[in-house]
Amino acid sequence: MGIPTRHFDALIIGAGGAGLNAALQLAGADLRVAVVSKVFPTRSHTVAAQGGVNAALANMMPDSWHWHMFDTVKGSDYLGDQDAIEFMCREAIPTVYELEHAGVPFSRLDNGKIYQRPFGGQSQNFGGDQAARTCAAADRTGHAILHTLYQQNIRARTHFFDEFFAIDLVRDAEGVICGALVLEIETGEPLLIESKATLLATGGWGQVFRTTSNAHINTGDGAAMALRAGIPLMDMEFFQFHPTGIAGKGMLITEGTRGEGGYLINKDGERFMERYAPRAKDLASRDVVSRAIVTEVKEGRGCGENGDYVMLKLDHLGEAVISKRLPGIRESSQIFAGCDPVIEPIPVFPTAHYAMGGIPTDRFGRVAMPAGHGSEEVVVGLYAAGECACASVHGANRLGGNSLLDILVFGRLAGKDIIEYVRENPYQRAVDSASLDQAMGRLGRWEQKGDGPTVQQLRADFRKCMEDHAGVFRTEEIMTEGYNKLCELRDRLPEVRLTDHSKVFNTARIEALELENMMDVGMSIAVSALHRKESRGAHSRPDYPERDDQTWLKHSLYYQDGDRMDYKPVRTKPLTVESFPPKERVY
Amino acid sequence: MKISVYRYNPDTDTKPRMQDYEVKTFQGMMLRDALLEVKKQDESFSFRHSCGEGVCGSDGVNVNGRNVLACITPITELKEPIQVRPFPGRPVIRDLVVDMTQFYEQYRAVQPYLVRKDPLPEQEILQSPEDRDKLDGLYECILCGCCSTACPSFWWNPEKFHGPAALLQSWRFLADSRDQATEERLDALDGPYKLFRCHSIMNCVEVCPKGLNPTRAIGKIKDLMLDKGV
């Protein structure tokens, strides 16, 4: 084969918070690490995270990792794995200190400690008063963290492959993953990167929905690569719709606005969350608030000419608080909604935001899949961390402030585990030529010329279909229709042709490859959702309105082969503390 | 609305040209939306973009002679005919995509990371709100490159002059009460080019889409150098 090849101890695909935090551990251990990213690292979507990262530092009021754990388990609607959640909540504290030491410009309290704001679903003392657990750098926390991690990687001399697009994982003759085929976007040339361990840290797939807070790049590339490698995706039906996207556009307005004291009103000026969550009100969990907004609109209490949004009121906070704590939100509102929140409320509506599900891993970031008879096996040499992975710490609904935490904790841990793995497995496996041919075939397919639908057409139809049939409320009828439409779209995909076959920085080719990834992932959402006949967390079915722990307290696993579903038990046993048994979830 | 876009594909073109497209406008339309519309009509058109809300810094372009972030530039603010070109002074890879290698190299050259020499505390390094406020207007940089590619000094000496974006980050760390590498940072900036090629032309301030002020930061570095007698 004439494909240029590079060799590294570890290959990290994705340069957001998870990938970069893993890379830092590896570079620190003197391993040769390559980070492949389809965009320059600081363009990764971690940059857009606003509100902050949760850790029970207790800087504002008493707090404990155990309370954080309770809130996360409850927030997950009891679908999260309690061992992983305990681990994450414990690790949160040193993780945030480590970030601060690395240079993150956190906002500060008068005593010099890190400022923490209240966020949805947070409580003191296992469901008591509101906690303030979200460590913030104004409302640009993700930006501050991503830039800091990139900066520390510069210091560590990590090897970056910027603007390289990962095509597929490659295997040796035994089927063990040993690197990936990537495409240099600038030249249009393929490159084989062989590695002893590979970490998927490719982020989410909000782009499968038409209205989303997610960036253009969030197309589920890693999740789709895993699917094509025969690995199932877990809990894909659980997709979070963030309550407050700018109406009609989808840009995010952080939950921090409500943490700082903002609240939602309907067309009558009523603070309607009081009806849906009498205690937590606007700081109820995101699934609860999103459903409330959609219900208000459906029942005719929406604002505006078409009554299709609600309002987020902030003006009572005063200009000083808004400028100090929410400067980015003020800017975004002015640009995209044409309103200044200091004076008038912001029109908002739920926007596709976050994937709770993903590539199944254990709490060390190792990809794990069923091996028959209820046991699980680690996929040798393959890791996943961040939004593309499912540890599972978010279960059926993620709490605000837990996603930055997830990527940092599990990115770091995957890095540490890879160090051990590479020490024990120091020899590079030989890539099997059939595996490489298959990956090259994915590229070659787009060289086909002739007439056919365009990527843009299919992409638009697909995203509309996902929005219409896999949104906030899902019934059997809506979802079955959606699944059938998706099957039709999937059948049309092979007919799609590119008209531009040039090599240099051909973004049409990249978008074609991304469309394939999105459609693979979109199908996993639709099929998983159709099968789960209960309402839990973000998966809300008017035809099965109750949570059904008897039948459905289990993780879904979707296999691409035949759109097959499988299930595995939730790990309800924590590492050291008592389990939190499922209870009715009220806020 | 007519939009005129710079086109150059090294695979097929011998020289660049401007190409006109007719795009339908809508309320709240940003320049990025217009470019996406062009892409819809002609998939061979390439430009970088991602978050669509002005935080990732991917879609810096030059429109009607001014560097902007396309995703937060309302088309109503632009005079017709709208002419969109790549950033000035950078080698063009294709269409609006430019080679930013030197820009990133200059960023890396200022050691843009916190250096701490004391043993680290068990908890956070304390910082007063007043000291933290000194980082406002500095840490928010998104590395879009609008400033450096609008800077005549950077056009002339992109391999020697750090440029406004990198120097803003240099000051971001000099201004951080937690950083302990002031001397090394100042020493490294010595010489006629890295810092002192800034002639306070202030194009950087003019174009920064985040409202930051690299010229002021550069002035502060110079003041600190004088203070320290470097």
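Computed values, structure above
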read-out	value
Reach of A:Lys38 by Cα under 28 Å, taken over lysines that are not fewer than 8 positions away in the same chain	A:Lys196, A:Lys249, A:Lys416, A:Lys449, A:Lys464, A:Lys503, B:Lys15, B:Lys39, B:Lys40, B:Lys210
Order of B:His199, B:His162 under a 10 Å beta carbon neighbour criterion, fewest first	B:His199, B:His162
Using alpha-carbon coordinates, inclination of helix B:214-228 to the longest axis of chain B, degrees	20
Extension reserve of the A:Arg279-A:Ala371 stretch, reckoned as 0.36 nm per residue once the Cα distance is removed	28.7 nm
Those aspartates and glutamates that a straight Cα-Cα span of less than 15 Å connects to B:Lys194, excepting residues fewer than 8 apart in one chain	B:Glu105, B:Glu159, B:Glu184
Ratio of Rg to Rh over the protein assembly as shown (Cα coordinates, Kirkwood Rh, two decimals)	0.94
Alpha carbon centroid spacing (whole Å) that separates the stretch A:459-514 from the stretch A:54-76	39
Fewest-first sequence of B:Leu114, B:Leu226, A:Leu264, A:Leu233 by Cβ atoms within 10 Å of each Cβ	B:Leu226, B:Leu114, A:Leu264, A:Leu233
Extension gain (nm, one decimal) between B:Thr101 and B:Arg216, 0.36 nm per residue minus Cα-Cα	38.9 nm
Residue list for the stretch B:164-188, given a label point 7 angstrom along the Cα-to-Cβ vector of B:Met202 and an amide N cut-off under 18 Å	B:164-165, B:168
For the stretch A:1-21 and the stretch A:179-219, distance of Cα centres in Å	11
Cysteines in chain B lacking a second Cys C-beta under 4.7 Å	B:Cys71, B:Cys141, B:Cys144, B:Cys146, B:Cys151, B:Cys198, B:Cys208
Dipole of the stretch B:83-185, positive direction: furthest Cα of B:Gln123, B:Gln83, B:Ser153, with charges on the beta-carbon	B:Gln83
Rg/Rg_ref, the stretch A:201-250, where Rg_ref = 2.2 N^0.38 Å and atoms are Cα	1.27
Given 12 as the ceiling on other Cβ atoms within 10 Å, longest exposed-site-free region of chain A for GluC sites (Glu not before Pro) in DSSP loops	A:306-545
Cβ-derived FRET efficiency at R0 56 Å, A:Thr576 paired with B:Gln27, nearest 0.05	0.50
Ellipsoid equivalent to the stretch A:238-385 - semi-axes via the Cα gyration tensor, in Å	37, 18, 14
Which of A:Pro232, A:Tyr276, A:Ala180, positive extreme of dipole for the stretch A:176-299 (C-beta unit charges)	A:Tyr276
Sequence-separation-based contact order of chain A, relative, with Cα cut under 8 Å and 6+ spacing, percent	22
Stokes-Einstein D (µm²/s) once Rh is taken as the Kirkwood radius of the stretch B:28-68 over alpha-carbon pairs, at 10 °C in 1.306 mPa s	145
Residue-averaged 222 nm ellipticity for chain B, from DSSP H runs of 4+ at -39500 (n - 2.57), nearest 500	-8500 deg cm²/dmol
Those residues of the stretch A:98-125 whose amide nitrogen sits under 18 Å from the label point placed on B:Asp136, 7 Å along Cα→Cβ	A:105-117
Rough spin-label spacing in nm, given labels placed 7 Å along Cα→Cβ, for B:Glu122 and A:Ala430	5.4
Calculated Rg and Dmax of the stretch A:90-141 using C-alpha coordinates, Å	11.9, 34
Environment charge of A:Ile3, counting only residues whose C-beta is closer than 12 Å and scoring Lys/Arg +1, Asp/Glu -1	-3
More than 24 Å apart - percent of Cα-Cα pairs taken over the stretch A:1-136	44
Tilt relative to chain A, helix A:286-298 - C-alpha long axis, 0 to 90 degrees, to 10	70
Degrees, to the nearest 10: B:163-174 long Cα axis against longest axis of chain B	30
Exposure proxy order (Cβ contacts within 10 Å, fewest to most) of A:Ile177, A:Ile154	A:Ile154, A:Ile177
Per-q log10 I(q)/I(0), the stretch B:124-230, q = 0.11, 0.18 Å⁻¹ (Debye; single scatterer per alpha-carbon; no solvent)	-0.33, -0.86
Options A:Ala292, A:Gln151, B:Leu135, ranked by Cα towards positive dipole end of the protein assembly as shown, top entry (Cβ charges)	B:Leu135
Convex hull (Cα only) mean projected area of the stretch A:247-318, reported in nm² to one decimal	4.9
Diffusion constant of the stretch A:460-587 at 4 °C, which comes from Stokes-Einstein with the Kirkwood Cα-pair radius and 1.567 mPa s, µm²/s	76
Principal semi-axes in Å for the stretch B:26-100 [√(5λ), Cα gyration tensor, largest first]	18, 14, 13
Mean residue ellipticity (222 nm) of chain A, computed from DSSP H runs ≥ 4 via -39,500 (n - 2.57), nearest 500	-10500 deg cm²/dmol
P(r) weight above 14 Å for the stretch A:516-585, C-alpha pairs, percent	67
Cα-Cα separations in chain B greater than 28 Å, expressed as whole percent	38
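All of the numbers you see were taken from the coordinates with simple rules; none came from a lab. Just so it is clear, the model here is predicted, and its values are computed rather than measured. We place every Cβ from the backbone using ideal geometry, glycine too, and count neighbours over all the protein chains shown.
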